[in-house]
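Below is one structure, written out as structure tokens, with a few remarks after it.
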Amino acid sequence: MKISRTPLVLVFAAAMAMVAGDVMAQRGGPGRGRPGGGRPGGFGGPGGPGGFGMRGGGGSLIGLLRMEEVQEELELMPDQKEALTKVAEEMPRPERPDFDFRDQSEENREKIQAWMEDMRKQREEAEEKVNAQLEEVLLPPQMDRLKELSVQSQGIGALMNDRVAKELNLTAAQKEDLQNAGEETRAKMREKMQELFQSGDRDKIRELFESNQKEVEKAMMAVLTPDQKKEFEEMKGEPFDFPERGRGGFGGRGPGGPGGPGGPGGRGRGGRGGGDRGAERPAAEE
């Protein structure tokens, strides 16, 4: 079993996330130390570095499936890979906004906030549709394991995921407290981030993200009850060692996998409700 690593958890606004994702791209993504490269592989060509919670990263199920290591972990069959390629190709691709994230004027902040809300709705709609398609392609144990990997890859940020929140039975007050924990951290960082982005010092930007990780984790975990903390850990399943950079996969629009934690789960294991993968499966629907 591989040794898992603590994920680089980034619970910041999507604005900072996109800029930071661009800054870290040459490093191969957050929580990684190896620049560039990555072996070609998968079906559909190599994927690029994943962003922080943006398309193809941050724990999205289809984003994880683009990673060759995840495909191997789930023991995907050729017909499944072909079906997943079609799912990925049909996904809508969000357009990049035409405003400057570094502009801290009130007018620009309102634009960013409106854009973030619009992107959130679009992402939720797209993920709901895609996840339903994944349920048709993957075997139940494979889907269970994929969800575990999603929680691992998001780290503490998984608590903001609707599916995770529902399974943990988070109250409205807890959801608000979790949101506030992220907002407070972002407020503390805003001035420093603005200075660092202007300086273009990528190493210091990375250090700032990492230095705030523990503070965010502590604040957000404090919101959970003991039983919820236990359940949250169980939702991660067996540790999986995510690669330093996604080696590729299907879908060909460039997104890669998330940075973060992990350890292998599954040769014949299935996920938390899993069991051995013994039954044959019918060919995936065209």
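The values are calculated or read from the model by the stated rules, or taken from the named source; none is laboratory data. This one's a predicted model, so the numbers in the text were calculated from it and none came from an experiment. As a convention, Cβ positions derive from the backbone with ideal geometry for all residues, glycine included, and neighbour counts pool all protein chains shown.
Hey, could you check the range 171-193 for residues that are of a type in the set (A, V, I, L, M) and in contact (Cβ under 8 Å) with a residue 24 or more places away in the chain and say which is nearest to residue 121 (Cα to Cα)?
Only one residue tops the list, namely 178.
If residue 104 passes every condition in (1) among the polar types (S, T, N, Q); (2) touching a Pro at 6+ places or on another chain (Cβ under 7 Å); (3) farther than 26 Å from residue 163 by Cα but one, which one does it miss?
(2) is the only condition that residue 104 fails.
Looking only at the range 65-93, which residues are free of Cβ contacts under 8 Å to residues at least 40 places away in the same chain and either within 30 Å of residue 183 (Cα to Cα) or outside any helix (DSSP H, G or I) (or both)?
Passing the criteria: 90, 92.
Name the residue that is surrounded by the fewest Cβ atoms within 10 Å (Cβ to Cβ), counting only residues in the range 203-223 that are aliphatic (A, V, I, L, M) and closer than 13 Å to residue 158 by Cα.
Taking the candidates together, the pick is 221.
Considering only residues of the range 171-193 that are modelled with pLDDT of 85 or more and over 21 Å from the mean Cα position of the chain (by Cα), which is surrounded by the fewest Cβ atoms within 10 Å (Cβ to Cβ)?
The qualifying residue surrounded by the fewest Cβ atoms within 10 Å (Cβ to Cβ) is 172.
Which numbered condition in (1) surrounded by 15 or more Cβ atoms within 10 Å (Cβ to Cβ); (2) in contact (Cβ under 8 Å) with a residue 12 or more places away in the chain; (3) farther than 19 Å from residue 187 by Cα is the only one that residue 136 fails?
(1)
What's the total number of residues in the range 40-91 that are modelled with pLDDT of 95 or more and basic (Lys, Arg)?
Here the count works out to 1.
Checking the condition without any contact (Cβ under 8 Å) to a residue 60 or more places away in the chain, touching a helix residue (DSSP H, G or I) at 6+ places or on another chain (Cβ under 6 Å) and surrounded by 16 or more Cβ atoms within 10 Å (Cβ to Cβ), which residue from 168, 196, 159, 146 passes?
On the way: 168 fails: without any contact (Cβ under 8 Å) to a residue 60 or more places away in the chain; 159 fails: without any contact (Cβ under 8 Å) to a residue 60 or more places away in the chain; 146 fails: without any contact (Cβ under 8 Å) to a residue 60 or more places away in the chain.
So the residue among 168, 196, 159, 146 that is without any contact (Cβ under 8 Å) to a residue 60 or more places away in the chain, touching a helix residue (DSSP H, G or I) at 6+ places or on another chain (Cβ under 6 Å) and surrounded by 16 or more Cβ atoms within 10 Å (Cβ to Cβ) is 196.
Mind checking whether some residue in the range 243-260 is within 18 Å of residue 147 (Cα to Cα), at pLDDT 75 or above and in a loop (DSSP other than H, G, I, E, B)?
Checked against the condition, which is being within 18 Å of residue 147 (Cα to Cα), at pLDDT 75 or above and in a loop (DSSP other than H, G, I, E, B), the range 243-260 yields at least one hit.
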